[in-house]
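Here is the structure we will look at.
Derivation of every value follows stated rules applied to the coordinates shown; laboratory data play no part. Quantities reported herein were computed from a predicted structural model and do not represent experimental measurements. Note that each Cβ is placed from the backbone with ideal geometry, even for glycine, and that neighbours are counted across all protein chains shown.
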Amino acid sequence: MTRFKNVNGINVQLTEAEETQRDIDEANAIAEQQAKPIIKEYQTNRKNEYPEIGDQLDMLWHSINEDAALKSKYFKFHQAILAVKSKYPK
Amino acid sequence: MAITTLNLRGINRSDTASSGQVITATSATAADFQDASTGGLVKLVKTTISGTSTTYVDFNSTYITSAYNNYLIKGHMIPITDNRYAKCQLMASDSAVTAGGSYEYESAHTGSSTYIASASADTIVFSHGALAGNATTEGNSWEVWLNNPLLSTAATTVHAQCNFIDGSGVHNGNVSSGGRKALEVNNGIRLFYDSGNIAADSYLTLYGIVA
C-alpha cells in the first residue's frame, strides 16, 4: 500500500526513498520489539497493588519472628532487624 | 441578571482604537481600547488524519519559523497496529534526520517504573513499556514541546508526555525528553509510530508559544 505523510495538514505521498527507508525502519522496529518482553496488564496491576518493599520486608520479618524454626533458619536477617528495633524501641 | 446583549453602537466613548486593540475595562480612567495580551499560544495548524495510509505527521518550515522560539504540539494519535512506540525525528532543510545516531533521549514509563535511554539513536522515543493500543479508546494523548528549533547556538530539544488508558481501564504514562546532538537549525518535526500507520481521526495541533 502506498504510504503518505501529512505535511502541515496536507497528505503527500512518500517518495520511493522514503518508502524504502520506512520498510527498513518497520522491519527493525518489529524485530526489536520481538526481542523485548512487553509488559503485560497483570504485571502493571500487580505492581500497582503490591505493598511497598519496606512493608513487604517488615511482614516477612514478623512472620519469621513468630516462628522459632524460621528464626533459627534466617538467624542473621532476624537478628539484624531486631538489633535496630531494640536500639530504637517504640 | 446576566448581560445577554451588548449594543456596541450605543457605547458613546471618545477613545479611539488602534488596529489589533481590544475593548477592555481596567479602571474608570484607563483607555477603553488597549493592546491584547501578548502571551500565550498561537494556533498555527491542525492536522487530522483521514484514511489508513498516513505514516508520518510533519510540521515543516512553513510553520516552524523564527517567529517563535518554542512550539507545542497537542493532540491524540491512535496507531493502526497494536502496541506501538510513539516517536519523533527533527527536520533539517525540511528533511527528517533519520540516521547517524543523531539523537539522545531518555524516557520513563511511569506505570512500571521502567526506563529506556540512548545516547546515539535515530529517533526520539516518546512511549514504551505498555505501548499504545489500537482500540478506538486507546492510542496516545500527546503533548510535545519543541524547544529552540531555529537556534544554531542552542540544541534543539523536545520533551513530551504521552499517556493512554487501555481497554481494561489501566492508565499508562510516559515522560520523555531528548534532542538532536548537533547544534544545527531544525526547521521541522516528524511524529509517527515505529511501525504501521496512523488511524483516521487522529489529530495533532501545532501552537507557537509567544514569549
Exposure proxy ranking, count of Cβ atoms within 10 Å, fewest first, for B:SER176, B:SER120: B:SER120, B:SER176
Residue-averaged 222 nm ellipticity for the protein assembly as shown, from DSSP H runs of 4+ at -39500 (n - 2.57), nearest 500: -6500 deg cm²/dmol
Sorted by Cβ density within 10 Å, fewest first, the residues B:HIS109, B:HIS76: B:HIS76, B:HIS109
Amide hydrogen neighbours beyond the local backbone of B:THR54, cut-off 5 Å, H modeled: A:PHE4, B:ILE198
Contact order normalised by residue count of segment B:75-149, Cα under 8 Å, 6+ apart, percent: 42 percent
Sorted by Cβ neighbour density within 10 Å, fewest at the top, the residues B:LYS74, A:LYS85, B:LYS46: A:LYS85, B:LYS46, B:LYS74
Relative contact order, percent, chain B [alpha-carbon distance under 8 Å, six or more residues apart]: 32 percent
Segment B:89-202, relative contact order [Cα under 8 Å, separation at least 6], %: 31 percent
Neighbour net charge for B:THR98 - beta-carbon separation under 10 angstrom, K R +1, D E -1: -1
For segment B:119-124, 3J(HN,Hα) per residue [Karplus equation, 6.51 cos²θ - 1.76 cosθ + 1.60, θ = phi - 60°, Hz, x = Gly/Pro]: 9, 8, 10, 9, 8, 10
Reach of A:LYS36 by Cα under 28 Å, taken over lysines that are not fewer than 8 positions away in the same chain: A:LYS47, B:LYS87, B:LYS181
Within chain A: Cβ-based charge dipole about Cα centre, in debye rounded to nearest 20 (Lys, Arg +1; Asp, Glu -1): 840 debye
Cα gyration tensor category, rounded, prolate or oblate, for chain A with a/c compared to 1.5: prolate
For segment B:155-211 and segment B:70-107, distance of Cα centres in Å: 6 Å
Cα centroid separation, segment A:73-90 to segment B:40-62 (Å): 62 Å
